[in-house]
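S.K.: My structure is below; once you've seen it, I'll send some questions.
The values are calculated or read from the model by the stated rules, or taken from the named source; none is laboratory data. Computed from a prediction, not measured in an experiment: that's the story for all the values here. Because the Cβ atoms are built from the backbone with ideal geometry, glycine has one as well, and the counts that use them run over all protein chains shown.
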Amino acid sequence: MKKRHFATSLGLAVILTGTAFAAGHISEDVTKAMEARQAHMTLYSFNMATLGGMAQDRTPYDAAAATAAANNLAAIANMDQSAYWVEGSDSSVEGSRAKAEIWSNADDYAEKIAALASASTALAAVAGNDLDALKGAFGPVGGSCAACHRAYRVSDN
C-alpha cells in the first residue's frame, strides 16, 4: 500500500511539475523574436549614447562620429521590426518589458515607430554639419523614444 501511495504521489508531482514548467516557458520562436527585439533596442541605445553625449555637451562634438551614429540610428529605425513583436512576448514573459498594449493599440504603436524613423532620418541628414544642427535634430529623436517607452514599456520603477 505504501509503495502504491508513493508511486501515485510521485506521478502526481511529475505531472504538476511538467505542467508548471510548460506554462512558465515560451516557444523558441517567441524567445528568438524577443532576443532580436532586445538586440535592436541595444543598438538604438548605443548610438543614442554617442549622439546624446555630444548633444548634452558631455563629450566633444565629432562630426564623423556623429554622422556614423546618426546614420546607424536611421538605418535601425527604418528596419522592418514586425517579426520582433510577436503577440505573447509582453512583460508577462520573463525578460520582456513590452506592455501588452502594443498589440491592442497597434496603429498608435506603428505611428510611434514611424515618428522615430522620420526623426532619425532627419538627424542623419544634419548630424555631421555642426553641433547646433545635431542638437536641434536630436530632441525629436529622444522625444519619439520617450513617447513610445512611456506608452509601451514597463517602467524600471
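S.K.: Select from the stretch 33-60 the residues that are among the polar types (S, T, N, Q) and outside any helix (DSSP H, G or I) and write down the one among them that is farthest from S96 (Cα to Cα).
M.R.: Among those that are among the polar types (S, T, N, Q) and outside any helix (DSSP H, G or I), it is T59.
S.K.: Can Y44 be described as hydroxyl-bearing (S, T, Y), buried (at least 16 other Cβ atoms within 10 Å of the Cβ), in contact with a Cys (Cβ under 8 Å, 6 or more places away or on another chain) and modelled with pLDDT of 95 or more?
M.R.: On the way: hydroxyl-bearing (S, T, Y): yes; buried (at least 16 other Cβ atoms within 10 Å of the Cβ): yes; in contact with a Cys (Cβ under 8 Å, 6 or more places away or on another chain): yes; modelled with pLDDT of 95 or more: yes.
Considered against the rule, which asks whether it is hydroxyl-bearing (S, T, Y), buried (at least 16 other Cβ atoms within 10 Å of the Cβ), in contact with a Cys (Cβ under 8 Å, 6 or more places away or on another chain) and modelled with pLDDT of 95 or more, Y44 comes out as yes.
S.K.: Looking at the stretch 113-157, which of its residues are among the aromatic types (F, W, Y) and at pLDDT below 95?
M.R.: Within the stretch 113-157, the subset among the aromatic types (F, W, Y) is 138, 152.
The one that is among the aromatic types (F, W, Y) and at pLDDT below 95: Y152.
S.K.: With the requirement that a residue be of a type in the set (G, A, S), over 19 Å from D156 (Cβ atoms) and in contact (Cβ under 8 Å) with a residue 40 or more places away in the chain, what does the stretch 90-117 give you?
M.R.: Listed by number, the list holds a single entry, A117.
S.K.: Ok, one more. Which of the residues that make up the stretch 87-140 are of a type in the set (G, A, S) and in contact with a strand residue (DSSP E or B) (Cβ under 7 Å, 6 or more places away or on another chain)?
M.R.: Hits for the stretch 87-140 are S89, S91, A98.
S.K.: Pick from V126, V86, V141: which is β-branched (V, I, T) and farther than 16 Å from N47 by Cα?
M.R.: Exactly one of V126, V86, V141 is β-branched (V, I, T) and farther than 16 Å from N47 by Cα, namely V86.
S.K.: Further, regarding this structure: Among the residues of the stretch 103-112, are any closer than 15 Å to M41 by Cβ, modelled with pLDDT of 95 or more, under 14 Å from the mean Cα position of the chain (by Cα) and surrounded by 18 or more Cβ atoms within 10 Å (Cβ to Cβ)?
M.R.: Narrowing the stretch 103-112 to residues closer than 15 Å to M41 by Cβ: 109, 112.
Within this subset, residues satisfying the condition of being modelled with pLDDT of 95 or more are 112.
Next, from what is left, pick out any that are under 14 Å from the mean Cα position of the chain (by Cα): 112.
Still in the running and surrounded by 18 or more Cβ atoms within 10 Å (Cβ to Cβ): 112.
Within the stretch 103-112, one or more residues are closer than 15 Å to M41 by Cβ, modelled with pLDDT of 95 or more, under 14 Å from the mean Cα position of the chain (by Cα) and surrounded by 18 or more Cβ atoms within 10 Å (Cβ to Cβ).
S.K.: A further question follows. Collect the residues in the stretch 118-133 that are closer than 19 Å to H149 by Cβ and buried (at least 19 other Cβ atoms within 10 Å of the Cβ), keeping them in residue-number order.
M.R.: Hits for the stretch 118-133 are A119, S120, L123.
S.K.: One residue is enough: does the stretch 71-90 have a residue meeting the conditions among the charged types (D, E, K, R), in a helix (DSSP H, G or I) and exposed (fewer than 15 other Cβ atoms within 10 Å of the Cβ)?
M.R.: No, the conditions are met nowhere in the stretch 71-90.
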